[in-house]
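Here is the structure we will look at, set down as structure tokens.
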Amino acid sequence: MNPLALDLNEKLSNAKPEVADMLSDLGKLMYYPKGILSQSAEAKTTQYNATIGMATYKDSKMYADTLNEVFNHLEPDDIFPYAPPQGIESLRQLWTQKILKDNPDLAEKDISRPIVTNALTHGLSLVGDLFVNSQDTILLPEHNWGNYKLVYSTRHNAEIQTYSIFDEDGHYTTEALVRTLESYDKDKVILILNYPNNPTGYTPTKEEVAQIVEAIKGLAERGTNVIAVVDDAYYGLFYEDVYTQSIFTALTNLHLNNLLPIRLDGATKEFFAWGLRVGFLTFGINDDATKNVLEAKVKGLIRSNISSGPLPSQSAIKYVLENHETFDKEIQHNMETLQARYEVTKEVVYADKYTKFWQPYDFNSGYFMALQVKGVDPEALRIHLIDNYSIGIIALNDTDIRIAFSCVEKDDIPHVFDSIAQGIDDLQE
Ligand SMILES: Cc1ncc(COP(=O)(O)O)c(C=O)c1O
């Protein structure tokens, strides 16, 4: 059991042993991780808070005006009735069109109609409910989003197995994934593919995607049932020449019976609408009977959990998809703002003067980049930066930190990295 869960249980046993006895097995196992959210909370008052998975200006969030004003345009019927568990049909259809536009290699007949989720985390959890049994293997890169552990390991008792996606020099490599898949010998695996990757901000190139897809194909052809969960939270935030369709498309186009691609995407990051909680779950499957059964099962899971998602948020996303001209320009503007920040970050972090302080991991997309820091403990550095430089970063593990350049104004980026270097210099032995 996680030490944080043990601690909570002990406190509850001391405070109200009767309630402690009432907890289910899952209730006993559950805890609130000391991860990104608590590190973010500690950095709340810093001048440069590069901890969070949002995009911000100095004094406000980065959003699209059309979406901000959308609630003035909605009718009571777009707000107050129940939405169906699977989401409003017009929105599902509009999102299908968006997926097909972004993924020209994908045919409509090869995908299910996207089911609306209460954003991506809900979709990940639904996948867990539908496909993950105790002791099943979840295959993840070592650099992954911490919440996968809570969703799959704590809730479903899955075994998380990791592989590295970077070589010693911090360059992206598919080698360890390919090797892991080649030697995998169980009859079922759940793969989570998250590109642009949180926390490193890397998206594979066309060639690298081809290598990944080939290795997954090989595993499926050897008989393993492969559930390939594509977490496309940061889809579209690409700043270099990478594979810009979803890897879901490449996997769906393999048309293998024992490979089930599932795409999770949504408005959260793509539309700069973190709090609206609109996401989508789509199966890469072309058989109508299977589509219908899977949809019915997901609907049952939603009905038995949140019953249905909020209608105002769904109507808002529907509105901007229908009235997209100005909205598209606003999103484009935000993307360009992030692209400019990315370019400055790239220019700054590879400077020779910093090589004694860190080694960057390859990055080319998304909100974040990660550094392997030299001669300091990332957690000690994190606290030191808050206390002495008013900078918030995330300590990822024993060696790495994550910086959200999406939350730092372009002109402040050189100062932030220079201060991180000074902070490391202060602490290095
Ligand atoms: C990789 C990844 N997946 C999923 C999510 C969750 O997205 P949502 O807020 O839509 O639940 C996040 C949010 O930070 C993320 O970084």
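The values are calculated or read from the model by the stated rules, or taken from the named source; none is laboratory data. Note that the structure is a prediction, hence the values are computed from the model and not measured. Glycine gets a Cβ as well: all are built from the backbone with ideal geometry, and neighbour counts include every protein chain shown. In case anyone asks, the SASA skips ligands and DNA or RNA and just uses the protein heavy atoms, side chains included. Shrake-Rupley method; radii C 1.70, N 1.55, O 1.52, S 1.80 Å.
The table that follows gives values for the structure above.
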quantity	calculated
Residue-averaged [θ]222 nm for the chain, counting only DSSP H segments that reach four residues, each worth -39500 (n - 2.57)	-12500 deg cm²/dmol
Fraction of accessible area attributable to carbon and sulfur, the chain (%, probe 1.4 Å)	49 percent
Surface per residue (accessible, 1.4 Å probe) for the chain, Å²	45 Å²
Those residues of segment 397-429 whose amide nitrogen sits under 20 Å from the label point placed on residue 377, 7 Å along Cα→Cβ	397-402, 420-429
Only Lys, Arg (+1) and Asp, Glu (-1) charged, at Cβ; the chain dipole about Cα centre in debye	1120 debye
³J(HN,Hα), Karplus 6.51/-1.76/1.60, whole Hz, each residue of segment 318-323, x for Gly, Pro	4, 4, 6, 6, 7, 10
Charge dipole (segment 82-322, unit charges on Cβ, about Cα centre) - positive-most of 272, 204, 216	272
FRET E, pair residue 82, residue 47, Förster distance 35 Å, beta-carbon r, rounded to 0.05	0.20
Three-way shape call for the chain based on the alpha-carbon gyration tensor, with the a/c threshold at 1.5	rounded
Mean Cβ count within 10 Å, highest first, over the residues of peptides 350-356, 186-192	186-192, 350-356
Length released on extending from residue 352 to residue 176, taking residue separation times 0.36 nm less the Cα-Cα span	60.5 nm
Dipole magnitude of segment 82-322 about its Cα centre (Cβ charges: Lys, Arg +1; Asp, Glu -1), debye to nearest 20	1180 debye
Which of 286, 37, 311, positive extreme of dipole for the chain (C-beta unit charges)	311
Nonlocal amide H pairs with residue 188, under 5 Å, H built at 1.01 Å	225
Reachable lysines from residue 186, criterion Cα separation under 19 angstrom, eight or more residues apart if same chain	217
At R0 = 30 Å, FRET efficiency that the Cβ-Cβ distance of residue 287 and residue 337 yields, to 0.05	0.10
FRET efficiency, 1/(1 + (r/R0)^6) with R0 45 Å, evaluated for residue 425 and residue 205 via beta carbons	0.80
Of 381, 261, 86, farthest towards positive along the dipole that unit charges on Lys, Arg, Asp, Glu beta carbons give the chain	86
Spin-label model distance (nm) - residue 135 vs residue 304, 7 Å beyond Cα toward Cβ	2.3 nm
Candidate lysines - alpha carbon under 18 Å from residue 58, same-chain residues fewer than 8 apart omitted	44, 410
The chain: relative contact order in percent, alpha carbon pairs under 8 Å with at least 6 residues between	23 percent
Segment 179-252: C-alpha gyration tensor shape, a/c 1.5 cut-off, then a/b vs b/c	prolate
For residue 163, distant residues with modelled amide H under 5 Å away	140, 142
Karplus 3J(HN,Hα) series, Hz, for segment 103-114 with 6.51 cos²θ - 1.76 cosθ + 1.60 (x for Gly, Pro)	10, x, 7, 9, 9, 4, 5, 8, 10, 7, 6, x
For segment 30-72 and segment 109-151, distance of Cα centres in Å	23 Å
Trypsin sites (Lys or Arg not before Pro) restricted to DSSP loop in segment 1-74 with at most 12 other C-beta within 10 Å	34, 44, 58
Integer Hz, Karplus 6.51/-1.76/1.60 couplings in order for segment 255-267, x for Gly and Pro	6, 9, 4, 9, 10, 10, x, 10, 9, 10, 8, x, 7
Those GluC sites (Glu not before Pro) in segment 166-261 that DSSP places in a loop and that have at most 16 other beta carbons within 10 Å	168, 240
